[in-house]
Amino acid sequence: MVDRSFADLSLASLYDALHPWGPGDDFCLGLAMSAGSVLDAGCGTGRLLARARRAGHRGRLTGLDPAAAMLVQARRREPGVEWVLGDLGSRAWGGEFELVLMTGHTFQVLVGDEELRLALSGVRAALAPGGRFVFGTRNPAAGAWAGWTPEHARRVVGPDGRAVRVWREVEGTGGGERVTFTTTFEGGPWPRPQTCRSTRRFLSADALSRSLDGAGLRVTEQYGDWERGPLKADSHEIITVAESVR
């Protein structure tokens, strides 16, 4: 099920303000520009592929997302990209992409074992021989959810110019691998606060490698930051590069 914060157009319109362009986007853009065909799985508002097209990419760029509200923004942003509604479990490609990306910690929305298996199977099927799958996840050892409290609320300005206050609150950590939390939006166009409930899965580097191996994908590189620094126990990110095992 798609999170309400992505499915509701009024909430989804705040995504880019809450998640401004950063080092992870630069990292993925560089990879996209060097690949002839790119699938961005969980493309959201489409800013990565839109920027790649505007930067001169002339190959195939395909954005896939299960949230129609996010794709509304992607299509407005850049009609010259192929935008597809769906997910890796419901769409099938046959070795068509040199690069498959998951940006913005999208990998962590794959909460269930079967959901994860189907998605990774879809990635493998989409990759051309020698193609790569690249994604970033939060390192569970860093415990990012400790900062998800009302005291760490953020204030952003919506597309209508009105201010919105946004904060998260953790409901449970599910043994440390799955974290369930709420996101509350206050202000803006709503007469009362809007609250969405979500779960994210935090897998260790070893668990990620095992999951990928089981899907016929071999990890070739793992970094602890978007500058390709080494992965350490206290790294906040786990950036994984894998390729299909044929």
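Build a GNM of the chain with springs between Cα atoms under 10 Å apart, and of Phe27, Phe181, Phe97 the one that fluctuates most is Phe27. Taking amide H as placed 1.01 Å from N in the peptide plane, Gly86 has its amide H under 5 Å from the amide H of Asp65, Ala67, each at least 5 places away in sequence or on another chain.
Taking Asp225, Asp160, Asp40 as the candidate residues, the one with maximal mean-square fluctuation in a Gaussian network model of the chain, Cα springs under 10 Å, is Asp160. DSSP assigns beta bridges within the chain; of those with both partners inside it, close to 65 percent run antiparallel. Using θ = phi - 60° in the Karplus curve 6.51 cos²θ - 1.76 cosθ + 1.60, the 3J(HN,Hα) couplings for the stretch 94-103 round to x, x, 9, 10, 6, 9, 10, 10, 10, 9 Hz; x is entered for Gly and Pro. All Cα-Cα separations within the chain were binned at 10 Å from zero, giving a P(r) of 7, 31, 38, 20, 3, 0, each value a whole percent of the pairs. Looking at the square roots a ≥ b ≥ c of the eigenvalues of the Cα gyration tensor of the stretch 1-98, which shape do they give, rounded for a/c under 1.5, prolate if a/b is larger than b/c, or oblate? Oblate.
Its residue count N sets the reference 2.2 N^0.38 Å, and the alpha-carbon radius of gyration of the stretch 69-171 equals 1.36 times that reference. Largest GNM mean-square fluctuation across Gly42, Gly86, Gly94, computed for the chain with C-alpha springs under 10 Å, falls on Gly94. Highest mean packing first, where packing is the average number of other Cβ atoms within 10 Å per residue, the peptides 216-222, 5-11, 122-128, 100-106 line up as 100-106, 122-128, 5-11, 216-222.
Using a probe radius of 1.4 angstrom, the carbon and sulfur fraction of the accessible surface of the stretch 25-168 is 51%.
Tell me, what is the per residue accessible area of the chain in Å², probe radius 1.4 Å? If you can, show how the numbers build up before the last one.
Details: 11260 Å² over 246 residues.
I get 46 Å² per residue for the chain.
Relative to the current alpha-carbon distance between Ser34 and Arg210, full extension at 0.36 nm per residue lengthens the span by 60.6 nm.
How large, in percent, is the carbon and sulfur part of the accessible surface of the stretch 197-246 at a probe radius of 1.4 Å?
Details: 1180 of 2570 Å².
Accessible surface attributable to carbon and sulfur in the stretch 197-246 totals 46 percent.
The values are calculated or read from the model by the stated rules, or taken from the named source; none is laboratory data. What you are looking at is a predicted structure, and each value in this text was computed from that prediction instead of being measured. Counting neighbours? That spans all protein chains shown, and the Cβs are built from the backbone with ideal geometry, glycine included. Accessible surface areas use protein heavy atoms only, side chains included; no ligands, DNA or RNA. Shrake-Rupley method; radii C 1.70, N 1.55, O 1.52, S 1.80 Å.
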